[in-house]
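Below: one structure, written as structure tokens.
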Amino acid sequence: MIALPLGDATFLSALEAETRAATDVRLAICASTGELRYASASALAALGASAPSEVPATLLVAMAHMPEDDRHLLLGHVARGAFHRARAPSSLAAGQPARSWVSIWIHTMHGGMLLLRCTDVAVDEHGTALPEEAPTGPMMSALLHVRRDDGMVTLQFADAAFEAALGLTLEDPTGPSTWLRAGLSPWSVLQLLALTHAEVLGDLQASLPDRSGHEQTWRVQCRPGGLTGAKPANHSQSLIVWQAMRAPGDTRADTRADSRARRPRPAAAASLSFEMNSGGRLTTVNGPWDPVFGVSTSDMAGERLSALCSPSARSTCDEQLLPLLQGRLSASRHEWPLLLADGCIAWFEVRLHRHTVSVVQGAIEAVVIHGELVNITRRYADTRLRMIKETALNDALVSVVICDATLPKMPIVYVNAGFQETTGYTAEEAIGRSCAFLQNDETDQPGLTALRRALLAREAITVEVKNFRKCGEMFWNRLDLVPMTEPLTGTVTHYVGMQRDVTAMVESRQAERARVAELDRVFRHLPIGTLGVHANGRVHVFSPALEALTGLRAADSMGQALPALWAHIQAQCVKPEAAPALPEPGDRCLLELHRPVRRLVEVNAASAELASGEALLFFRDVTSELELSRMKTRFLANAAHEMRAPMGSIRGFAELLLVRDYPREQAREMLDTVHRQAIRLNTLLGDLLELSKLEAQGPAAMPLGPVSIGEVANRAMKLMRLPGDKRVLTQTSDDELLQVHGHGARLEQVLINLLSNAVKYSPAGGDVALVIDSTSDAVPAGWCAVRVRDSGLGISPEHVNQLFTHFFRADPQGPIVGTGLGLVIVKELVERMGGRIDVSSELGVGSTFTVWLRRDGTTAEPPALAAA
């Protein structure tokens, strides 16, 4: 049992004042210690307690004839029911009427308290309590939420009649004090909240002043679950229905309480008989009509029976009698609302029989209708309530299905209109079948596994499962399944399931999870490190990329204060003492780290202030970027330097030729120098343009495909065999049909450049060989090696590693001309074709350049570069 918390001081004060001033037995006892907190004067007198400390003991004596379970529930010994009512004969004095005990257990800001109230109950001659009087006024509805955490009340819905009668609107403040201002007594408020919180069906009577100031008695019914049967986890929800115990404007009811105090309420007569004529007028009345209806038998003579009815029902009741009065029926039975002596309405069954009798020896016949009145108020109320429940169940907005747990496969025995609307199946198509037909072939679902376990354990469960409508459309169904237990045996006889189409919600949730997963993947693979700082200054985001950049672990960094974490990052710098300070929002700084590896990291602080007060720092590895910038700067400087020399020669000799006349032979030599330098400058510019174009183009600019390496090698060798050249150029291949993955024209350019260098750097002659190797043990599977070997000058070991850098020449002042860009272009072309190039050389012996190319149709990893 969950206690009902109440923290409304105004309400508690009013409750205490009402209890102390009450004329009947009212008590408030501490639920944990048994100490009496406050009580009415009549309570101490009735219980015969000389001191407050004696009250708990005398209560047990007063309840001696009450069933033990009821007594324990009332006093909280076994379980603290939020609202419990028990009736037992009074043990205080012989002849006193039975007493009704009501207990409410609440938890206030002053501690747990058990509140008891005792009232006299009218009984008949057999000692049986009389039924409660039936309401007659209009019905008004409202929806209440009672929060479990603090007992505050929220009026979620109220119809117009409710607001007009009680003066409560949705804009009113919430809490028990609101109900006090509406005119409810504190005890009535407490009963209302206890019923709502306990989530049980129950009712109570409460008094409220109407607009004219007269006290109006209401019957208040609490229906747990509210409009749809839903029960939110953090509060109780109930639909409350108010109905007046009299019709509006009936001033006779103003003194009803006094009338009941002056005389005990009569028992319903077993049979009140009467006779009427064919005109529907009463001729004879038998039985105690005066105590029941407040009308003497003489006053009823000549009246219509419908005169006892509620005014609004009289015309309808008269119409029901016409078939019998006109002789079309010989007997009839009707249920009529009749006014009792105290102004309340009770339901009676009217049983009528038509007889024809002889008045004078058969010469004159008369029609006599014998009638009997039987009080069926309790039965009618039960029937009416059952009809209302069935109507409410069928009209509920949710889908409702009931299954019989006593039969194999638990067939469906009831579905409401909501089920038919949700699934498309009619009641005739669903009843008698197992609910499993809604899953089609989707029987392997996590939700169904949990559902089967709950059915085996006879437990309630809420699951989400895939169901299918009659048209074949799939929808997600949230099923709330509750077992119904037979009270005596405890056997589960039925299961009540409430179904809701939550497809949109599930799909939205799945989409959100997919978005979160995608963002998480992006976050984890993003090369930029991200550091998030909460408004409290503590780190709460530390991306994997940031771990890789700084060497710090996210597990150790999360929750740290930002200054402390920044100090750890500064300690990773090459010069910690000169490390930059934490950048302000919108600023950036550069960290030179030496752990875990040496790198330059740019840190950017987010400039936009977030609404939550958070801060973001982004870490980016700019080592390659800065190195590339330095390389470009160096490249431009080298290019300018390389171009200045030929330009200087051209300009100098041209100026000399312009200002002086030289002999023909001398002028010829100067012009030859100008020509050579112009050729050199043109070659340099061509190489620069070629290299610039390669760097500007993307990978798609050079489409790759199968290329016959033998045919490319043949074309390159033909271009290099010059007439009159005594140098021997040889070409060998172990597979004439070998296809490699590359670009034919660019591959030919690579081989021509390498062969040209081999010839150029063999000024004394010597053989040049081009070898295509794809089968030897030195070549990895899926690859081929194209080797260009010469026996020329060779390269010193200290120069080998610089061969593929811009403008590098081993002997820039030597007789062999060049730009220092040819091998750079070769390397770029080979790598764009997915290959590699390496070199081995010995000074004075010769060099071998090897181009590794992937065989067409393979994806093998490239071989390791040969050692210089």
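The values are calculated or read from the model by the stated rules, or taken from the named source; none is laboratory data. From a predicted model like this one, the values you see are computed outputs, not experimental measurements. Note: ideal-geometry Cβ built from the backbone for every residue, glycine included; neighbour counts use all protein chains shown.
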TODO: Go through the residues of region 463-478 one by one and say whether even a single one is part of a loop (DSSP other than H, G, I, E, B), on the phi > 0 side of the Ramachandran plot and at pLDDT 90 or above.
DONE: yes
- [ ] Could you tell me whether any residue of region 577-591 is outside any loop (DSSP other than H, G, I, E, B) and touching a Lys or Arg at 6+ places or on another chain (Cβ under 6 Å)?
- [x] no
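Residues that are assigned to a loop (DSSP other than H, G, I, E, B), among the polar types (S, T, N, Q), at pLDDT below 85 and over 21 Å from Val413 (Cα atoms): does region 491-505 have at least one?
The answer is no, given that none of the residues of region 491-505 is assigned to a loop (DSSP other than H, G, I, E, B), among the polar types (S, T, N, Q), at pLDDT below 85 and over 21 Å from Val413 (Cα atoms).
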TODO: Any chance you could count how many residues in region 54-87 are outside any loop (DSSP other than H, G, I, E, B) and either at pLDDT below 70 or among the acidic types (Asp, Glu) (or both)?
DONE: 4
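Determine whether region 829-843 contains at least one residue that is out of contact with any strand residue (DSSP E or B) (no Cβ under 7 Å at 6 or more places or on another chain), of a type in the set (Val, Ile, Thr) and either modelled with pLDDT of 85 or more or surrounded by fewer than 19 Cβ atoms within 10 Å (Cβ to Cβ) (or both).
Initially, region 829-843 is screened for residues out of contact with any strand residue (DSSP E or B) (no Cβ under 7 Å at 6 or more places or on another chain), giving 829, 831-832, 842-843.
Add one more test, that the residue is of a type in the set (Val, Ile, Thr), and what stays is none.
Among the residues of region 829-843, not one is out of contact with any strand residue (DSSP E or B) (no Cβ under 7 Å at 6 or more places or on another chain), of a type in the set (Val, Ile, Thr) and either modelled with pLDDT of 85 or more or surrounded by fewer than 19 Cβ atoms within 10 Å (Cβ to Cβ) (or both), which makes the answer no.
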Open item on the list: Only one of Val541, Val574 is surrounded by 15 or more Cβ atoms within 10 Å (Cβ to Cβ) and of a type in the set (Val, Ile, Thr). Can you tell me which?
Closed with: Val541
Open item on the list: For region 608-623: of the residues being surrounded by 11 or more Cβ atoms within 10 Å (Cβ to Cβ) and of a type in the set (Gly, Ala, Ser), which is modelled with the highest pLDDT?
Closed with: Ala615
- [ ] Please indicate, with yes or no, whether at least one residue in region 689-708 is part of a helix (DSSP H, G or I) and at pLDDT 80 or above.
- [x] no
Task: Selection within region 424-433 - part of a loop (DSSP other than H, G, I, E, B) and surrounded by fewer than 15 Cβ atoms within 10 Å (Cβ to Cβ) - done: Gly424, Thr426, Gly432, Arg433
Open item on the list: Given the criterion within 17 Å of Ile825 (Cβ to Cβ), at pLDDT 70 or above and not assigned by TED's automatic domain parsing to the domain that holds Gln749, identify the matching residue among Leu671, Leu681, Leu685.
Closed with: Leu685
TODO: Just need a number here: residues in region 473-519 that are touching a residue at least 12 places away in the same chain (Cβ under 8 Å) and of a type in the set (Gly, Ala, Ser).
DONE: 1
